[in-house]
1. Charges only on Cβ, +1 for Lys and Arg, -1 for Asp and Glu: so what's the dipole of the chain about the Cα centre, in debye to the nearest 20?
2. For Rg/Rh (Cα atoms, Kirkwood Rh), pick the label among (1) 0.92; (2) 0.96; (3) 0.98 that corresponds to the value derived from the coordinates.
3. Quick one: length gained pulling A111 to S72 fully straight, 0.36 nm per residue minus the C-alpha distance?
4. If you take every residue apart from V115 with its C-beta less than 10 Å away from the C-beta of V115, what net charge results, scoring Lys and Arg +1 and Asp and Glu -1?
5. For I36, what residues show an amide H to amide H distance below 5 Å, using hydrogens built from the backbone and excluding near sequence neighbours?
6. Tell me, what is the percent relative contact order of the chain, built from C-alpha pairs under 8 Å that lie six or more residues apart?
7. Simple spin-label model, 7 Å along Cα-to-Cβ: Q237 to K94 in nm?
8. Amide H neighbours of D226 under 5 Å, at least 5 residues apart or on other chains, H built in the peptide plane: list them.
Amino acid sequence: MNAQAATKLANEQTQTGPSSFFACRDIHAYYGESYIVQGISFAVAKGEILALLGRNGAGKTSTLRTIARAGSPELHQGEIWLDGQALHTMPSFKAARAGVSLVPEDRRIIAGLTVEENLQLAQIADPVGWPLEKIYAHFPRLAERRKQEGVTLSGGEQQMLAIARALSRDIKLLLLDEPYEGLAPVIVEEIERILQGVKQLNITTIIVEQNAVAALKLADRALILDMGEIVFEGEAQHVLDNEDLRHEYLAI
């Protein structure tokens with residue numbers, strides 16, 4: 001599907017209400033006077049993994065932050081729907097309560113707290129989320145380190161903790177910003193296995209990642225941004241198979 005057709009489809013899906021599980025319609029976002037997200041529209045099915053790709057500065061992280069209602073960039077126009085809920089009308093804390101969880105690139109593990117205390121802090125905010133036993137069943141390495149201070153974990157373990165903390169709430173949409181950044185290939189493979197497990201739980205996921213090949217192998221579909229606009233939306237495998245597309249927009 002080309003960008004024009006994808007935008008038309010997503011617009012149609014939200015003209016009379018949100019027919020997709022998650023949908024953005026014509027969203028425009030700014031950092032001050034800088035026009036970052038330039039009228040993009042797309043939809044994601046329940047349980048689907050979407051790889052949001054593009055070169056540095058294409059608007060990927062800004063799109064995630066706009067969806068999460070992080071306050072910056074500021075949404076000036078457009079609609080964002082999640083399971084019938086209008087995220088575009090909500091501040092960040094209400095979007096979180098509606099089921100949105102953003103795992104930022106810097107992970108934001110809280111210093112001075114153990115692995116378990118980092119998880120428990122998230123559960124205080126959402127007591128109907130996963131119990132610790134369920135989290136540790138999906139993240140056995142964290143179970144082994146539950147009493148260790150979170151910031152002393154390896155980079156890969158900190159990423160696991162950040163994802164586990166997101167899942168410890170009752171979420172519907174998981175937003176991942178550069179989850180493989182700085183990780184060794186063997187750790188990337190372990191994170192991939194965890195995210196495949198998340199998909200089996202029917203949690204919708206949008207992943208922003210510079211390691212485009214790894215993201216595409218995990219994802220069902222891909223969306224490529226360039227200068228804040230969608231230039232491609234379609235099957236992830238199509239991007240893997242299309243050398244010209246990868247070279248032009250992803251430099252791989």
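No value in this document is a laboratory result; all are computed from the given coordinates. It should be emphasised that the depicted structure is a prediction, and the values quoted were computed from it without experimental measurement. No Cβ is skipped: glycine too gets one built from the backbone with ideal geometry, and neighbour counts run over all protein chains shown.
1. Computed charge dipole of the chain: roughly 760 debye.
2. (2)
3. Extra length from A111 to S72 when fully extended: 11.6 nm.
4. Details: positive: R141, R145, R146, K147, R165; negative: E116, E117, E144, E149, E157.
Computed value for this residue: 0.
5. A29, Y30, Y31
6. On the way: 508 pairs, mean separation 65.3, N = 252.
Across the chain, relative contact order equals 26 percent.
7. 4.2 nm
8. V231
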